[in-house]
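The values are calculated or read from the model by the stated rules, or taken from the named source; none is laboratory data. Just so it is clear, the structure is predicted and the values come from calculations on it, not from any experiment. All Cβ positions, even for glycine, are placed from backbone atoms using ideal geometry, and neighbour counts span all protein chains on display.
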Amino acid sequence: MAKYRQYNKDFKLQAARLVTEQGYSLREAGQRLGISAWSIQNWVKKFRHTGELPPEDESQPAAEVFNLLNLPDDIVTFLKTGEYLIQIFETCACPAHFINLLSLSSIS
């Protein structure tokens, strides 16, 4: 029979805070602590439900998309920094068209 490791409440809360307060992805926090991202995700949900963590911010969905896609950390960092926009601009055949697209996308 498989043995499951049990963690105390303080450990679970600190693990959840790595994600909610310190900006770690679920996967990064799990790797750092040697536990599954799934466990941390459940703890975050539990502590938000009990009020021990604040409700989810509106700015969180992008981070959740990165977690769901299970992207490598270097790709997530690349996307978060916006460096991809610079690379697209530098390789764009018509930089003026690229700038126009950016200004249109900021309207919506």
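Restricting segment 8-47 to residues that are modelled with pLDDT of 90 or more and hydroxyl-bearing (Ser, Thr, Tyr) leaves a set whose member that is surrounded by the fewest Cβ atoms within 10 Å (Cβ to Cβ) is SER36. The sole residue among PRO54, PRO61 that is modelled with pLDDT under 90 and more than 11 Å from the chain's Cα centre (by Cα) is PRO54.
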